[in-house]
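The values are calculated or read from the model by the stated rules, or taken from the named source; none is laboratory data. Not measured: the values here are computed from a predicted model. Neighbour counts are summed over all protein chains in view; Cβ atoms, including those assigned to glycine, are modelled from backbone coordinates with ideal geometry. Remember, those area values only see protein heavy atoms, side chains included, never the ligands or the DNA or RNA. Shrake-Rupley method; radii C 1.70, N 1.55, O 1.52, S 1.80 Å.
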Amino acid sequence: AGADLREDHSVLAVEEGEDGVAVRARTDAGEATTGSSSEPTTETFHAQMVVGADGPVSTVRRECGLPEPGEKLQGLLGFSTETEPADFVDVHLTAPSFFAWRIPRGEAGTEYGLAAPPGESANELFDRFTTEYGIDVGEVCAGMIPIDPPDRVTGHRSLLIGDAAAQTKPFTGGGIVYGMTAADHAAREVDPRDPASLAAYERAWRADLSTEIRLGAWIRRAYSLPEPLQKVGLRALSGEIDVHMDKPTSVFSTDQLKAFLSRS
Ligand SMILES: Cc1cc2nc3c(=O)[nH]c(=O)nc-3n(C[C@H](O)[C@H](O)[C@H](O)COP(=O)(O)OP(=O)(O)OC[C@H]3O[C@@H](n4cnc5c(N)ncnc54)[C@H](O)[C@@H]3O)c2cc1C
């Protein structure tokens, strides 16, 4: 498609103009040549549009003056060497306003994860969680989980996709499927020569995902219900369920509601 891929470049600044964008990037190769990290080599690229698919702390979002996601959770993830059949996951509503999870990944080991709002000590919560299982996961990866997309993810000649746009499931923090779904919409709708086409992208991804995201946010609110109500909900969701994790609307299918009512 005529793409010119540059690896090891960090975008530092973006300027949107009437006819195009200028993207200034630091080139790590240049830095190695000069041997000075305080004076990085930079290069400026000119294009018709810029796509910010640069994650939760998006430089493109900041540089184009686009609004921030509603919330950014701290996520932690670690693996133990326990191997067991990957049939069931454990979910603990112990992390404030979110949850901790344990997922057996077969031969790859067992995943332990947790997300918590800013201000909470996520590391302490994670240690407590893994200690309860009598496990030391060793190295832990940390990342930010953006929740609640801002009202606008497009600028004059810019668009955000994925975590940069907080296109994530509010009740799990997962962003891979929604981000790729939004990318498909962008590929279909956006014509880089025509800034007016950005509005079609905003409409298309929101038409596809907004209801799921809104319902997902309601499901997440249930994590903070009083414990007896949580227990009823968890009992209804335990065992084999036919809920599509990317589509909270599937919770409200007639068959699913019948199954929940018969269990609770
Ligand atoms: C602990 C944890 C567990 C998770 N588990 C799941 C899960 O089980 N399922 C799921 O669906 N999702 C999960 N997620 C979320 C998932 O990782 C993200 O939704 C997904 O990676 C978002 O993809 P992205 O391409 O939008 O952003 P990213 O994966 O963050 O990619 C952005 C890229 O842009 C690059 N970049 C950033 N700034 C610049 C810059 N200035 N210049 C150049 N490049 C830049 C980064 O280096 C990175 O390569 C989890 C997240 C966390 C933190």
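Brief remarks on what is shown
- Qualifying positions in region 139-148 - open to solvent by 10 Å² or more (accessible area, probe 1.4 Å) and either touching a Ser or Thr at 6+ places or on another chain (Cβ under 8 Å) or of a type in the set (K, R) (or both): I145
- The criterion of at least 1 residues that are farther than 30 Å from G17 by Cα and in contact with a Phe, Trp or Tyr (Cβ under 7 Å, 6 or more places away or on another chain) is met by the following strands (runs of 3 or more DSSP E) wholly inside region 110-184: 110-116, 140-147.
- Candidate set from region 1-28 (those that are open to solvent by 30 Å² or more (accessible area, probe 1.4 Å) and assigned to a strand (DSSP E or B)); member that is nearest to R157 (Cα to Cα): E16
- Taken as a whole, the condition of being closer than 25 Å to E71 by Cα and away from the ligand (no atom under 16 Å from the Cβ) does not apply to P118.
- Qualifying residue in region 83-96 (condition: within 13 Å of the ligand (Cβ to nearest atom), surrounded by 17 or more Cβ atoms within 10 Å (Cβ to Cβ) and at pLDDT below 95): yes
- Residue count for region 122-174 satisfying the condition of being among the polar types (S, T, N, Q) and either more than 13 Å from the ligand (Cβ to nearest atom) or touching a Lys or Arg at 6+ places or on another chain (Cβ under 9 Å) (or both): 5.
- Cβ-Cβ distances below 6 Å connect the following pairs, each with a first residue in region 173-193 that is without any contact (Cβ under 8 Å) to a residue 12 or more places away in the chain, a second residue that is open to solvent by less than 20 Å² (accessible area, probe 1.4 Å) and among the polar types (S, T, N, Q), and a separation of six or more residues or different chains: D191/S197.
For (1) within 21 Å of E63 (Cα to Cα); (2) of a type in the set (A, V, I, L, M); (3) in the same structural domain as Q48 (by TED's automatic domain parsing), each residue gets a yes or a no:
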position	(1), (2), (3)
P85	no, no, no
I176	no, yes, yes
G179	yes, no, yes
A183	yes, yes, yes
D194	yes, no, yes
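- Of residues in region 49-68 being of a type in the set (A, V, I, L, M) and more than 16 Å from G20 (Cβ to Cβ), the one farthest from the chain's Cα centre (by Cα): L66
- Residue that is open to solvent by less than 70 Å² (accessible area, probe 1.4 Å), more than 30 Å from G109 (Cα to Cα), within 16 Å of the ligand (Cβ to nearest atom) and of a type in the set (G, A, S), where the choices are A199, A187, A182: A182
- Checked against the criteria, A164 counts as modelled with pLDDT of 75 or more, open to solvent by less than 30 Å² (accessible area, probe 1.4 Å) and closer than 30 Å to E15 by Cβ.
- E31 modelled with pLDDT of 95 or more, outside any loop (DSSP other than H, G, I, E, B) and away from the ligand (no atom under 11 Å from the Cβ): no
- Only one of the numbered conditions (1) open to solvent by 70 Å² or more (accessible area, probe 1.4 Å); (2) modelled with pLDDT of 95 or more; (3) within 13 Å of the ligand (Cβ to nearest atom) is not met by E68, and that is (3).
- Considered as a group, the residues in region 117-132 that are exposed (fewer than 15 other Cβ atoms within 10 Å of the Cβ) and not acidic (D, E) include one that is farthest from the chain's Cα centre (by Cα), and that residue is T131.
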